[in-house]
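S.K.: The following block contains the structure, expressed as structure tokens.
The values are calculated or read from the model by the stated rules, or taken from the named source; none is laboratory data. Remember, predicted model here, so these are calculated numbers, not experimental data. Don't worry about glycine lacking a Cβ; one is built from the backbone with ideal geometry, like all the others, and counts go over all protein chains shown. Calculation scope for accessible area: heavy atoms of the full protein, side chains included, ligands and nucleic acids excluded. Shrake-Rupley method; radii C 1.70, N 1.55, O 1.52, S 1.80 Å.
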Amino acid sequence: MTYSEKMLAALDKGQLEDAKKMFGLALRNDSDDMLFSLAEELYGLGFLKQAQRTYLKLIERYPDADELKTGLADVLIDEGDIDAALGYLSTIEATSPAYLESLLVMADLYQTEELYEASEQKLLNAYQIAPNEEVILFGLAEFYFNMRRFKEAIKYYKELILMGNKTFSRVDLVSRIGVAYAQAGNFDNAIGYLEQIHESNLTPEVNFQLGFTYFQLKEYDKAITVLQKLISTDDQFASAYPYLGQAYVETNQLADALRTFQSGLAVDEFNETLYRLAGQVAIKLGQMPLAEHYFQQGLQIEPSDMELVLNLSNLYVQVHNDEANIALLSTYVQNDEIDPQIYWNVAKSLTQTNQVKLAQQYWESAQVFFNDNSDFMRELFLFYQNNGQNEQALAIGTEYIKLQPDDLDIIEAVANLSGY
């Protein structure tokens with residue numbers, strides 16, 4: 001048994017002092033081939049300092065052996081010594097048999113440093129040299145997948161599958177393509193791949209994409225089955241709760257929906273989307289105080305979430321809590337980029353609290369956005385009529401009748417106004 005083999009055996013047994021002694025003897029006595037294998041083994045086991053020393057020892061003997069430089073560069077990258085790794089890689093010429101490997105190592109290095117354009121260029125250079133090299137195809141596919149450039153990722157994953165690979169580097173390629181299609185919004189193609197995946201490869205992430213895709217395709221019962229199973233095996237998978245709850249809503253299982261959103265909040269108490277969805281279901285169930293609670297909790301987390309603001313405001317309008325509605329919206333009405341529905345809601349509550357002049361300002365601000373909304377125009381007509389502003393009421397009523405020519409009550413009211 002060589003000293004290298006004795007060192008690895010000692011490491012396997014946790015005998016670190018013996019391994020240290022055997023390592024020194026290996027560097028002095030073992031063959032170069034054995035040391036090369038030892039360097040690779042040590043790197044794989046995470047003994048980076050020892051792997052580095054081994055590679056450096058071999059490079060002293062073979063300074064022109066470029067494959068040693070790429071191996072050492074891998075170690076240096078994992079150690080965070082980027083400059084040193086680039087120094088070794090930059091000495092490898094394009095004519096070297098190790099040049100292709102050096103491009104792949106540099107691509108990994110640049111990704112580590114978040115220099116994504118440089119990483120992509122190295123991968124594409126490698127692809128030009130060896131377009132049928134599977135490791136390069138996989139590198140490009142993974143790069144584009146992680147960059148969310150799914151169309152390009154799918155292209156390279158499919159090339160690998162056409163070469164006879166169902167998996168590569170322990171990655172299920174069918175799963176990757178299915179997830180990529182789902183993330184790209186191509187749900188019809190996604191489901192074809194996701195449904196092919198063997199049970200053993202259905203990771204929580206893939207199961208989520210399968211359930212998510214069923215949801216997007218409006219196959220809500222299937223979405224419920226998959227997402228329920230996911231949560232039963234991993235109840236901390238927070239992303240599943242909003243879609244499972246919404247699938248229950250779509251199938252009119254409102255109590256289950258509310259329980260799902262509540263369970264999701266127990267996992268992720270800072271998810272304003274779950275507060276909004278829970279509040280919406282509580283309204284459907286007639287639980288107005290609970291809905292108010294959830295909307296308020298969501299706004300404490302994200303005060304700028306206009307959807308939450310409008311949900312709470314609409315609730316206040318519905319239950320005639322006008323003072324609370326005015327107080328809520330007062331912090332938003334000065335913002336020129338707000339949802340125009342806020343102007344409408346403020347106008348309603350100001351009208352109900354007899355603040356007519358101020359209400360009129362908001363009715364007119366809202367009118368710019370809702371001239372073609374028959375519900376708004378009807379309410380605006382009644383506002384003017386009730387406040388004796390007959391000329392304005394007549395003008396709005398005339399426009400409203402064009403939108404709703406069958407509203408006999410307003411037709412009669414406008415006719416009466418015509419002779420005022």
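S.K.: Quick one: pull the percent of accessible area on the chain belonging to carbon and sulfur, 1.4 Å probe, ligands and nucleic acids left out.
M.R.: Working: 10340 of 22040 Å².
The computed percentage sits at 47.
S.K.: Using a Förster distance of 41 Å, how high is the FRET efficiency between Q334 and R259, based on the Cβ-Cβ distance and rounded to 0.05?
M.R.: On the way: r = 39 Å, r/R0 = 0.96.
Efficiency, rounded to the nearest 0.05: 0.55.
S.K.: Leaving ligands, DNA and RNA out of it, rank D372, D305 by accessible area with a 1.4 Å probe, largest first. Before the final figure, lay out the partial values.
M.R.: On the way: D372 120, D305 30 Å².
Result of the area sort, largest leading: D372, D305.
S.K.: Could you give the distance between the Cα centres of the range 388-420 and the range 189-259, to the whole Å?
M.R.: For the range 388-420 versus the range 189-259, the Cα centre distance is 51 Å.
S.K.: I would also like to ask the following. Beta carbons within 10 angstrom, averaged per residue: use that to sort the peptides 173-179, 319-325, highest first.
M.R.: Descending packing order for the listed peptides: 173-179, 319-325.
S.K.: Strictly greater than 19 Å: what percent of every Cα pair in the range 287-365 meets that?
M.R.: 31
S.K.: Order T203, T353, T213, most accessible first, counting only protein heavy atoms with a 1.4 angstrom probe.
M.R.: In descending accessible area the options line up as T203, T353, T213.
S.K.: What is the list of residues in the range 292-311 whose amide nitrogen lies under 18 Å from a point 7 angstrom out from the Cα of F270, following Cα to Cβ?
M.R.: 297-305
S.K.: Mind checking which lysines have their Cα closer than 23 Å to the Cα of K155? Skip sequence neighbours fewer than 8 apart in that chain.
M.R.: K122, K166
S.K.: If I compute semi-axes √(5λ) of the Cα gyration tensor in Å from the structure I just sent, which labelled value in (1) 67, 24, 22; (2) 31, 29, 20; (3) 58, 27, 20 lines up?
M.R.: The value computed from this structure is option (1).
S.K.: When the helix-only estimate is applied to the chain (DSSP H runs of n ≥ 4, each -39,500 (n - 2.57), divided by the residue count), what is the mean residue ellipticity at 222 nm, nearest 500 deg cm²/dmol?
M.R.: One gets -23000 deg cm²/dmol as the mean residue ellipticity at 222 nm.
S.K.: Please give the per residue volume of the convex hull enclosing the alpha carbon atoms of the range 1-141, rounded to a whole number of Å³. Display every interim value, and only then the final one.
M.R.: Working: hull volume 17.1 nm³, N = 141.
Expressed per residue, the convex hull around the Cα atoms of the range 1-141 is 121 Å³.
S.K.: Treating only the Cβ of Lys, Arg, Asp and Glu as charged (+1, +1, -1, -1), what charge dipole size does the chain show about its Cα centre? Round to the nearest 20 debye.
M.R.: 560
S.K.: May I ask you to derive the FRET efficiency for R170 and S232 from their Cβ-Cβ distance with R0 = 25 Å, giving the value to the nearest 0.05?
M.R.: Values: r = 26 Å, r/R0 = 1.03.
Calculated value: 0.45.
S.K.: Tell me the per residue accessible area of the chain using a 1.4 Å probe; a whole number in Å² is fine.
M.R.: On a per-residue basis, 52 Å².
S.K.: If the elastic network links every pair of Cα atoms under 10 Å, which of Y248, Y343, Y275 fluctuates the most in the Gaussian network model of the chain?
M.R.: Greatest mean-square fluctuation among the candidates belongs to Y343.
S.K.: Show F237, F383 ordered by accessible area, largest first, where the area counts protein heavy atoms only and the probe is 1.4 Å.
M.R.: F237, F383
S.K.: Calculate the FRET efficiency for E67 and R148 from the Cβ-Cβ distance with a Förster distance of 35 Å, rounded to the nearest 0.05.
M.R.: It comes to 0.55.
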